[in-house]
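For reference, the structure is listed below as structure tokens.
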Amino acid sequence: MRGRFAPSPSGEMHLGNAWTALLAWLQVRRAGGTMALRMEDLDPERSKPEYAEALMEDLAWLGLDWDEGPDSGGPYSPYRQDDRRSLYAQAVKRLEQMGLLYPCYCTRAEIRSASLAPNGPEEGSAYPGACRSLSVEERRQNESQGRRPALRVYVPDTEVNFVDLIQGEVRENLSQVGDFVIQRSDGVHAYQLAVVVDDGLMGITHVLRGDDLLSSTARQIWLYQVLDLPVPEFAHVPLLYGPDGRRLSKRHGDLSIAALRRRGVKAERIIGFLAGLAGYLPRGEEIKAPDLIDFFTLEKLPRIPLIITDYTDLLGSASNKK
Ligand code: GLU
């Protein structure tokens with residue numbers, strides 16, 4: 001088994017990131033497999049090297065180690081997306097040669113207003129297709145106005161089926177997803193492309209990640225197939241939500257791993273807290289990550305969003321602020 005951590009260094013690691021990282025790590029360690037760490041720092045505006053450093057420090061402090069990564073290298077180097085752009089460019093070229101890409105000159109605002117048109121698809125759903133069949137002349141006009149295109153992929157009207165190790169059987173018709181962006185107009189490759197190229201070329205056999213990415217999986221599987229890359233097994237775990245009903249994120253600043261550590265919360269307590277949420281241990285226990293390996297199973301994991309209403313087990317009763 002080959003698994004991976006694929007964090008985006010766009011902020012401090014928080015309890016929600018630690019949750020998925022712990023489960024991915026347990027899955028690999030339980031199977032005696034290999035763990036790769038890949039920094040998903042594609043977006044230059046959001047990624048910062050200091051966050052990447054801090055993420056590695058936090059993972060290591062939690063006891064979640066990796067066998068290959070940006071620091072230690074490995075057979076699938078490089079392990080930073082920023083250093084892998086030539087691989088994405090090659091994939092774009094292949095898709096272009098297959099006639100699967102077209103330039104899209106739509107701005108976000110145009111896509112939004114088309115989506116909101118009466119009887120049109122709702123906002124956030126499939127691309128309405130304005131640039132799908134532009135004539136050569138129309139493309140030239142856009143270019144002459146100085147518009148730089150994004151590259152979109154023609155998505156076929158096919159159904160993709162897969163069995164998620166947690167969510168069970170998933171079926172999705174790609175026409176519902178619509179033509180998606182492979183390369184932004186500023187030349188930055190899209191996550192959807194990069195993640196497929198990376199997991200495919202790095203020989204990743206098991207992808208365990210948050211279920212917010214479940215809806216991306218069908219199109220990713222289709223891309224694996226088109227690019228002739230091996231499709232991994234997927235396990236989409238339920239995400240953690242705070243008492244405010246919102247997904248744990250950077251907003252919950254005092255639940256960053258660094259903040260918890262500064263506050264004197266031990267790694268064993270954090271791992272124990274997460275193990276309690278997973279149903280592996282009674283609530284309130286402390287445990288080191290390696291001692292949890294034998295408790296790992298996907299079957300026990302809850303299938304519904306996990307709302308944390310009480311942080312007493314993590315922070316102690318005097319400081320249950322959140
Ligand atoms: N980099 C993504 C994130 O931090 C994870 C992508 C993935 O696991 O496929 O949310």
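The values are calculated or read from the model by the stated rules, or taken from the named source; none is laboratory data. This is a predicted model, so every value here is computed, not measured. Glycine also receives a Cβ, built like all others from the backbone with ideal geometry; neighbour counts cover every protein chain displayed. Quick note on the areas: whole protein, heavy atoms, side chains included, nothing else; ligands and nucleic acids left out. Shrake-Rupley method; radii C 1.70, N 1.55, O 1.52, S 1.80 Å.
How about segment 55-66: which of its residues are in contact with a strand residue (DSSP E or B) (Cβ under 9 Å, 6 or more places away or on another chain) and either open to solvent by less than 30 Å² (accessible area, probe 1.4 Å) or touching a residue at least 60 places away in the same chain (Cβ under 8 Å) (or both)? Before you say what the answer is, go through the steps one by one.
Our first condition is that a residue be in contact with a strand residue (DSSP E or B) (Cβ under 9 Å, 6 or more places away or on another chain); within segment 55-66, this holds for 55-56, 58-59, 64-66.
Listed by number, the residues that qualify are L55, M56, D58, L59, L64, W66.
Determine if segment 231-244 includes at least one residue that is more than 23 Å from D164 (Cα to Cα), surrounded by 15 or more Cβ atoms within 10 Å (Cβ to Cβ) and modelled with pLDDT under 95. Looking through segment 231-244, at least one residue is more than 23 Å from D164 (Cα to Cα), surrounded by 15 or more Cβ atoms within 10 Å (Cβ to Cβ) and modelled with pLDDT under 95. Scanning segment 181-226 for residues that are farther than 25 Å from P75 by Cβ, near the ligand (Cβ under 9 Å from one of its atoms) and in contact with a Ser or Thr (Cβ under 9 Å, 6 or more places away or on another chain) gives a single hit, G210. Can you run down the residue pairs with Cβ atoms below 7 Å, 6 or more apart or on separate chains, where the first is in segment 259-285 and farther than 23 Å from A54 by Cβ and the partner is of a type in the set (V, I, T) and open to solvent by 10 Å² or more (accessible area, probe 1.4 Å)? Qualifying pairs under 7 Å: A275/I287; L281/I287. Note on segment 1-52: residues that are among the acidic types (D, E) and either within 11 Å of the ligand (Cβ to nearest atom) or open to solvent by less than 10 Å² (accessible area, probe 1.4 Å) (or both) amount to 3. Just one of the listed residues (L213, L193) is touching a strand residue (DSSP E or B) at 6+ places or on another chain (Cβ under 8 Å), free of Cβ contacts under 8 Å to residues at least 24 places away in the same chain and of a type in the set (A, V, I, L, M, F, W, C), namely L213.
Restricting the first member to segment 91-115 and to residues that are over 18 Å from Q192 (Cα atoms), and the second to residues that are modelled with pLDDT under 95 and among the basic types (K, R), the beta-carbon pairs closer than 7 Å and six or more apart or on different chains are Y105/R147. For segment 67-78, the criterion of being open to solvent by less than 70 Å² (accessible area, probe 1.4 Å) and in contact with a Cys (Cβ under 7 Å, 6 or more places away or on another chain) is met by no residue. More than 17 Å from the chain's Cα centre (by Cα) and away from the ligand (no atom under 16 Å from the Cβ), is that true of L64? Criteria not met by L64.
Does segment 158-165 contain any residue that is within 16 Å of the ligand (Cβ to nearest atom), in contact with a strand residue (DSSP E or B) (Cβ under 6 Å, 6 or more places away or on another chain), at pLDDT 95 or above and assigned to a loop (DSSP other than H, G, I, E, B)?
Of the residues in segment 158-165, the ones within 16 Å of the ligand (Cβ to nearest atom) are 162, 164-165.
Narrowing the set further to residues that are in contact with a strand residue (DSSP E or B) (Cβ under 6 Å, 6 or more places away or on another chain) leaves 162, 164-165.
In the following step, the residues that additionally are at pLDDT 95 or above were identified as 162, 164-165.
Remaining after also requiring assigned to a loop (DSSP other than H, G, I, E, B): 165.
So far as segment 158-165 goes, yes, one or more of its residues are within 16 Å of the ligand (Cβ to nearest atom), in contact with a strand residue (DSSP E or B) (Cβ under 6 Å, 6 or more places away or on another chain), at pLDDT 95 or above and assigned to a loop (DSSP other than H, G, I, E, B).
Out of the residues in segment 227-243 that are more than 17 Å from L277 (Cβ to Cβ) and part of a loop (DSSP other than H, G, I, E, B), which is nearest to the ligand (Cβ to nearest atom)? Break it down stepwise before answering.
If we filter segment 227-243 for residues that are more than 17 Å from L277 (Cβ to Cβ), which is where we start, we get 227-234.
Then keep just the ones that are part of a loop (DSSP other than H, G, I, E, B); that gives 227-232.
Numbers: L227: 16, D228: 20, L229: 14, P230: 16, V231: 13, P232: 10 Å.
Per the stated criteria, the residue is P232.
The listed residues are D228, D198, D212, and the only one of them that is open to solvent by 50 Å² or more (accessible area, probe 1.4 Å), modelled with pLDDT of 95 or more and of a type in the set (D, E, K, R) turns out to be D228. Among the residues of segment 86-109, those identified as in contact with a helix residue (DSSP H, G or I) (Cβ under 9 Å, 6 or more places away or on another chain) and open to solvent by 60 Å² or more (accessible area, probe 1.4 Å) are Q90, R94, M98.
State all residues of segment 165-190 that are on the phi > 0 side of the Ramachandran plot and in contact (Cβ under 8 Å) with a residue 40 or more places away in the chain; if no residue qualifies, say none. Correct list: G178 only.
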